[in-house]
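The values are calculated or read from the model by the stated rules, or taken from the named source; none is laboratory data. Quick caveat, the model's predicted, so the values are computed rather than measured. Cβ sites come from the backbone with ideal geometry, for glycine too, and all protein chains shown count toward neighbours. Remember, those area values only see protein heavy atoms, side chains included, never the ligands or the DNA or RNA. Shrake-Rupley method; radii C 1.70, N 1.55, O 1.52, S 1.80 Å.
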Amino acid sequence: MACLRIPLEGNRESRDIRITNPYKGSASIPFELINNLIVLPVRINDSDTLKFVLDSGAGRTIITELGAEQSFTIQYTGEADLRGLGNAGPIPALVSNGNKLFLNDIEGDNHSVVLLIESTFNLSSFMGTQVNGLMGYDIFENFVVEIDYQRKKMFFHDPDAFKNEYESLKKSSKWFKIPVDVQDNKLYVQTEILQSDSTTVSTRLIVDSGASHTLFLYPGSSNKITIPKNRVDSYLGSGLAGEIFGSIGRAYTLTMNELELGDVVVSYPNSEDIQQALELDNRNGSLGADVLRRFTVIFNYADSTMLLKPNRFIEEDFTYNISGMEIITPILNLPYYVVGIVRPDSPAEKAGIKEGDVLYEIDYNRVFKYKLSDIIEIFQSPDERIRLIVKRGSKLKKISLVLEDKTKLTND
């Protein structure tokens, strides 16, 4: 969910990111998929393995946080103010050039890294494991990048070696060919959205693999964007510049070229939380990873094309966190889950759940049996009654949580 404009230093032309084996035309990297986000193992200079989210919405590699035992050598060459989604102002950061980058069979020299001085991102707490930052455009510009969400594998193809196969895939009926354009190191796509009031709006969306949502639409970017009557006010997530609040509703269809998806979840952030993004470009919102994960995706920035081939996730309904509460893990990598935010008038508030409650049991199962992603999935199931036990202070409280989806489309 990054949105950056950073003054560059040094000679970009001298940077080199390559497959280490000169006789191989591709390199594959397995990844973790957490809350729709791709988490890659990365080393920088002399570091141990770090974890970075693959973020096509970020213009640079950004270090958002380091764990207590994590460190590596880095030389700072300048300062920068980052702009991003959220309700805070510009974010102070340090810039470092000339770094070495390692991803399995890929090495990079003279790599630019940006380190946040003060971070409110809290990415690790919302993902349940230590995550150190975002990996953006730098990794996309040198390769044809293929993401197999179903197999949890990425393939970095040398553009020359992959040229003939890529042209063959473009002609195949199994793949949807989506035109894209690149601006300021970010990828944009044109879409048509049939809204809940049966009007159609043309939108320019940033393709953002680092955002777990389905769609963001910015109401202030076009007078044709309408917020549905059937909606809920909600916490929408955390951007680089802080928390994002707004509304969640649905649209009848999302169309990209010949591809059409139905009954999609749309988030409408408050204008003050996206003001910095609106100042940077003329986009109307973002296309998130909840769309991308339903396909095998090939990004080819040089060809101004994105190829999409449906996978088994294409049959799944578009959902969101119906409960109205956000769960965080203040102790990383342990099954200890705390209620971080409770939305007013939400099922969670109506059930009596409060911020700071510790999840103890879900449907008669102790929470240590669940990953954070499992719990998030449970809270996305409409028309369900979930029996919880939470710990508040020293007491255990039984709670019946009824999940009702108030964003359903009507034919009125």
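Quick look at the numbers
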item: Cα-projected label distance for Lys153 with Glu118, points at 7 Å along beta-carbon direction, nm; result: 4.6 nm
item: Part-to-part distance (alpha-carbon centres) for segment 320-345 and segment 379-412, which is given in Å; result: 13 Å
item: Computed over segment 21-95: relative contact order in percent, which uses C-alpha pairs under 8 Å that are six or more apart; result: 19 percent
item: Translational diffusion coefficient (Stokes-Einstein; Kirkwood radius from C-alpha pairs) of segment 160-263 at 20 °C, 1.002 mPa s, in µm²/s; result: 134 µm²/s
item: Amide proton proximity set for Leu236, modelled H, under 5 Å, gap of 5+; result: Ile244, Phe245, Gly246
item: Length gained when the stretch Ser173-Arg43 is fully extended (0.36 nm per residue, less Cα-Cα span); result: 43.0 nm
item: Charge context of Tyr370, other residues only, Cβ under 13 angstrom, K/R +1, D/E -1; result: -1
item: Solvent-accessible area per residue for segment 16-68 (1.4 angstrom probe, square angstrom); result: 37 Å²
item: Distance (nanometres) between label positions extended 7 Å along Cα→Cβ at Asp181 and Arg18; result: 3.4 nm
item: Reachable aspartates and glutamates, given that their alpha-carbon falls under 20 Å from the alpha-carbon of Lys24 and they are not under 8 places away in the same chain; result: Asp16, Asp105, Glu107, Asp109, Glu141, Glu146, Asp148, Asp158, Asp160, Glu165, Glu167
item: Counted charge near Asp208, where neighbours are those whose Cβ lies closer than 11 Å (Asp, Glu -1; Lys, Arg +1); result: 0
item: Read-out Rg and Dmax of the Cα atoms in Å, derived from the coordinates shown; its label in (i) 21.2, 65; (ii) 26.5, 109; (iii) 22.2, 74; result: (i)
item: Cα→Cβ-extended label distance, 7 Å offset, between Glu349 and Arg366, nm; result: 3.4 nm
item: Filter on Lys354/Lys398; Lys350/Lys398; Lys186/Lys406 - keep pairs with C-alpha separation over 22 Å; result: Lys186/Lys406
